[in-house]
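A.B. asks: Please see the structure below; I have some questions.
The values are calculated or read from the model by the stated rules, or taken from the named source; none is laboratory data. Note that this is a predicted model, so its numbers are computed, not measured. Please note: Cβ atoms are built from the backbone with ideal geometry, for glycine as well, and neighbour counts cover all protein chains shown. In case anyone asks, the SASA skips ligands and DNA or RNA and just uses the protein heavy atoms, side chains included. Shrake-Rupley method; radii C 1.70, N 1.55, O 1.52, S 1.80 Å.
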Amino acid sequence: MSIKYGLLALLQRGTMYGYQLRTSFEESTGGTWPLNIGQVYTTLSRLERDELVRSLPEHDGGQRPYEITDAGRAELAAWFATPIGRGDRPRDELAIKLALALTTPGVDVPGIIQKQRTATVRMLQEYTRMKQRASGPADLSWRLVLESMIFQAEAEVRWLDHCEASLARHAPLPTPAPQAAPVPEKETEKTT
């Protein structure tokens, strides 16, 4: 998800200024995607340039609220109506790391897989504890984000198991040490 659509969705709720947008964004994602306030204002500037939001006069406190425009509502509606393709998501660093490890001499690929599995299982346990604490209708958006993270972690553990099994199946078999040629038996002389 881009910050652009997150901010548009928040502005669909009503006018907000930058700090409110940042806080609401982080609350909506359960803090899993912390935003830098600079990212918020940079994105707001682009959205304003593209006429998807407009700034309103500053309040007495010096804060400038923003509101979504009709074009912004149409852009947001189109985003909600369009499925997210796998190719639209960020590259999977773990898959790239393992692919490179397999082709880099001297890298302990099974060790990488095991360390990642351990870290992922720990995160899965933490997500599960967090899910138990999140209850009630007010926590639904956070719970959905958290459950997505749980499913992704479970899938990653399964994929790591698959990688380990594939590695074991395709590991080169040890080459047997060359054996010396058999020594012909000496014929013993027959004595009579």
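A.B. asks: How many residues are farther than 28 Å from LEU144 by Cβ and either touching a residue at least 60 places away in the same chain (Cβ under 8 Å) or of a type in the set (A, V, I, L, M) (or both) when one looks only at region 13-70?
C.D. replies: 1
A.B. asks: For region 18-44, give me the residue count where each residue is buried (at least 20 other Cβ atoms within 10 Å of the Cβ) and of a type in the set (Ser, Thr, Tyr).
C.D. replies: Within region 18-44, residues that are buried (at least 20 other Cβ atoms within 10 Å of the Cβ) and of a type in the set (Ser, Thr, Tyr) number 1.
A.B. asks: Continuing with this model, one more query. Go through (1) open to solvent by less than 60 Å² (accessible area, probe 1.4 Å); (2) in contact with a helix residue (DSSP H, G or I) (Cβ under 9 Å, 6 or more places away or on another chain) one by one and return the number of the condition SER135 breaks.
C.D. replies: Unmet condition: (1).
Here's the yes/no breakdown for (1) more than 19 Å from THR23 (Cβ to Cβ); (2) among the charged types (D, E, K, R):
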{"site": "GLU48", "(1), (2)": "yes, yes"}
{"site": "PRO57", "(1), (2)": "yes, no"}
{"site": "GLY62", "(1), (2)": "no, no"}
{"site": "TRP79", "(1), (2)": "yes, no"}
{"site": "GLU93", "(1), (2)": "yes, yes"}
{"site": "LEU98", "(1), (2)": "yes, no"}
{"site": "LEU102", "(1), (2)": "yes, no"}
{"site": "THR128", "(1), (2)": "yes, no"}
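A.B. asks: I'm told LEU52 meets every condition in (1) modelled with pLDDT of 85 or more; (2) surrounded by fewer than 10 Cβ atoms within 10 Å (Cβ to Cβ) except one. Can you identify the failing condition by its number?
C.D. replies: Of the numbered conditions (1) modelled with pLDDT of 85 or more; (2) surrounded by fewer than 10 Cβ atoms within 10 Å (Cβ to Cβ), the odd one out for LEU52 is (2).
A.B. asks: Of (1) open to solvent by less than 50 Å² (accessible area, probe 1.4 Å); (2) at pLDDT 90 or above; (3) under 30 Å from SER135 (Cα atoms); (4) not basic (Lys, Arg), LEU47 satisfies all except one. Which?
C.D. replies: The failed condition is (3).
A.B. asks: Further question on the same structure: Hey, could you check region 46-71 for residues that are of a type in the set (Gly, Ala, Ser) and part of a loop (DSSP other than H, G, I, E, B) and say which is farthest from TYR5 (Cα to Cα)?
C.D. replies: GLY61
A.B. asks: I've got another one for you. Just checking, does region 76-88 include any residue being over 17 Å from SER148 (Cβ atoms) and touching a residue at least 60 places away in the same chain (Cβ under 8 Å)?
C.D. replies: Yes, some residue in region 76-88 is over 17 Å from SER148 (Cβ atoms) and touching a residue at least 60 places away in the same chain (Cβ under 8 Å).
A.B. asks: If you don't mind, there's one more thing I want to ask. Which residue is modelled with the lowest pLDDT, if the candidates are limited to region 1-16 and must be among the polar types (S, T, N, Q) and farther than 15 Å from ARG46 by Cα?
C.D. replies: This residue is GLN12.
A.B. asks: Based on what the data block shows, is THR69 open to solvent by less than 70 Å² (accessible area, probe 1.4 Å), among the β-branched types (Val, Ile, Thr) and over 30 Å from LEU160 (Cβ atoms)?
C.D. replies: yes
A.B. asks: I'd like the residue in region 122-132 that is among the hydrophobic types (A, V, I, L, M, F, W, C) and open to solvent by less than 50 Å² (accessible area, probe 1.4 Å) and, out of all such residues, is modelled with the lowest pLDDT.
C.D. replies: Within region 122-132, the match that is modelled with the lowest pLDDT is MET130.
A.B. asks: In region 146-164, how many are open to solvent by 40 Å² or more (accessible area, probe 1.4 Å), more than 30 Å from PRO110 (Cβ to Cβ) and within 13 Å of the chain's Cα centre (by Cα)?
C.D. replies: 0
A.B. asks: Still on this structure, please answer the following. Just wondering, is there one or more residues in region 95-102 that are at negative phi and at pLDDT 85 or above?
C.D. replies: The answer is no, given that none of the residues of region 95-102 is at negative phi and at pLDDT 85 or above.
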